[in-house]
Amino acid sequence: MFKTDTTINDTLYKNVYQSFKQIDEYSLIGQIREDVEDKIYFRPINYNKEFLLYDFSLAVGDSTTIIYWSSIDEKALTLIKIRIDSIVPITLNESNRLKYYISSKSQFENKWLSTNTWVSGIGDLEGVLYSCHNIDVGGIDLKQLLCYSLADSLIFINPSYQTCYIETTAINNQEIGNVLYYNNTLKTLVFEIDCISPIELIIVDTMGRVVLTKKLNTYQNNIDLSFLPNSFYMVNISGTNYQNNLKFFKK
């Protein structure tokens, strides 16, 4: 939530508040501002300087370095190299906007991987503060922006959910928590599922080819992925009462 103005070192910002669960429990996490060149800067509350969060002035093929937060609670900042792959005009709620398709680059390999999608006037479709991915961590969480409002007027809503608030910790009264991640050291996909009904796992590469399918029905599984080439992958696991997705980079 962006609310109330504040001035720091003669620069005008908007305060940024965040709530993890209850809609009325917000905490101040920093300040945000937009300059005349369509650049968005974020100043975390624990730092004495601002960082580039978006640059909507970039053209196709342009690249820059922006801030990445693995979690807003962690006091660790990472700067990520990103590139604009394409820009497509779209219409949202009768407003003309631009959709930017972004690639991120690993500091360890000279390869760009398609990761993020920005919309002008809104931000990243995974969430305003998640404008890029750090693919060097070995796994990429698939977050989704549910909705975005301006002055109580809804200007974006995720077509897959059609709601601004969902409870993500339970499906059919069953606690599932964080159950899917990739361990890049062990080259292993790890997941914990407390489901009786069978679960289907599908892994797809960047060309859309299915590289692995499995039926799962145990509580804990570790799948060896050492046979896969180093690349970017998407995982989907789904069943009667369960669904989860993950993007990860095997290196």
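Below are the figures for this structure:
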quantity: Cross-link table K39/K250; K81/K214; K3/K105; K14/K251; K14/K143; K81/K251, entries beyond 29 Å C-alpha to C-alpha; calculated: K39/K250; K81/K214; K3/K105; K14/K251
quantity: Dmax and Rg, reported as Rg then Dmax, of segment 2-157 (C-alpha, Å); calculated: 15.6, 44
quantity: Simple label model, 7 Å out from Cα along Cβ direction - Q162 to K215, nm; calculated: 3.3
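Read-outs throughout are calculated quantities, based only on the coordinates presented, and are distinct from any laboratory measurement. Everything numeric in this text was worked out from a predicted model, so none of it was measured. We place every Cβ from the backbone using ideal geometry, glycine too, and count neighbours over all the protein chains shown.
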